[in-house]
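Any read-out appearing in this document is the output of simple, stated calculations on the displayed coordinates, not a laboratory observation. Keep in mind that what you see is a predicted model, and the values were worked out from it rather than measured. Glycine gets a Cβ as well: all are built from the backbone with ideal geometry, and neighbour counts include every protein chain shown.
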């Protein structure tokens, strides 16, 4: 469990992510990956697979894996992951022993710590896993895509991989080089971020200037329109004044000739005279 | 999954539980480290059986508090007896 104290991040990760780490990639080999619905029948089949891969003759097909009889299934039922081992029992009558490793505390069984659970027979881990990863029948039967992760499990069946001291050393170097690569990538990303921030600031400044220009242009437009209206008004007033002057002289001419207003003046002349009074 | 764990874990007559206080993944520091803990346990247990021909001794080691808490020094990743010569 000491390895857990080195991982303080809150993010979840898959078994594949862990197996890709140099310390595991060089020591553990994956024999099979199985996705299935939780339930006694499927867990029985899974444990059968774990036992099957303990068969030495089966392993001879792959020269990379050790020809001993120990196998493990890493079972993921989101968000939990446990390990089910099949190891020698030392008892000729029942040569294999199922052991389950669970790093989670369980209130009714191991409330304070991680546990290794030894089972007396092959049915033990099947029963235990079926209860631990209990799912409602309705959920399993519906097989709805959004609820499926709750009723399904993924099992990675693993075995020790043969490695030479040179390979172990190589893994050690790989791990260190990976840290260096990550550091360089991080630095590159940070350096790229700084000029981008400067560019963003400059673009924002340009946008503000353009907005000011637009506002000024709008003000100019409004002033021009106002000016045109005023000019029109002035023109109209000028026209009106000229017309008035013309009308006044005409009335004066007529009254000067007779000494009094004619009895019947044209209608528009009468109107203009009254306005002047 | 909260820190109290699943209430579905029940005791069965055919099993023996070996657990020690303060060794769960939350008290050990990793909030979501069950994948890391399980794969590491896989490496330790399988390596243990490869390093000894005494099955009973290997099973007793797994039952011990030292094994659950920390990696036993006698089974280092770079031990020559775990690797192919």
TODO: Report, as an integer, the average count of C-beta atoms from other chains found within 10 Å of each Cβ along A:92-104.
DONE: 5
Open item on the list: Taking 10 °C and 1.306 mPa s as the conditions, I'd like the Stokes-Einstein D for the stretch A:180-228 in µm²/s, using the Kirkwood hydrodynamic radius from alpha carbon pairs.
Closed with: 113
TODO: Order by neighbour count: A:169, A:235, fewest other Cβ atoms within 10 Å first, most last.
DONE: A:235, A:169
TODO: Would you mind ranking B:51, A:94 by Cβ crowding within 10 Å, fewest neighbours first?
DONE: A:94, B:51
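For peptide A:15-26, compute the average count of partner chain beta-carbon atoms within 10 Å of each residue's beta-carbon. Present the calculation step by step, with values, prior to reporting the outcome.
Numbers: counts 6, 1, 3, 8, 3, 0, 3, 0, 4, 5, 0, 2.
Neighbouring Cβ atoms belonging to other protein chains average 3 per residue here.
For residue B:63 and residue A:173, FRET efficiency with R0 = 45 Å and r from the beta-carbon atoms, rounded to 0.05?
Working: r = 36 Å, r/R0 = 0.80.
Once rounded, the FRET efficiency stands at 0.80.
For the stretch A:151-210, count the residues as N, evaluate 2.2 N^0.38 Å, and divide the Cα radius of gyration by that value, please.
Working: Rg = 23.5 Å, N = 60, 2.2 N^0.38 = 10.4 Å.
So the stretch A:151-210 has a normalised radius of gyration of 2.26.
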Open item on the list: Please compute the modelled spin-label separation between residue B:55 and residue A:184, points set 7 Å along Cα→Cβ, answer in nm with one decimal.
Closed with: 5.1
- [ ] Just tell me how shielded A:114-127 is by partners: mean number of partner chain Cβ atoms within 10 Å of each residue's Cβ, no decimals.
- [x] 6
TODO: Please arrange A:186, A:172, B:67 by counting, for each residue, the other beta carbons lying within 10 Å of its beta carbon, fewest first.
DONE: A:186, A:172, B:67
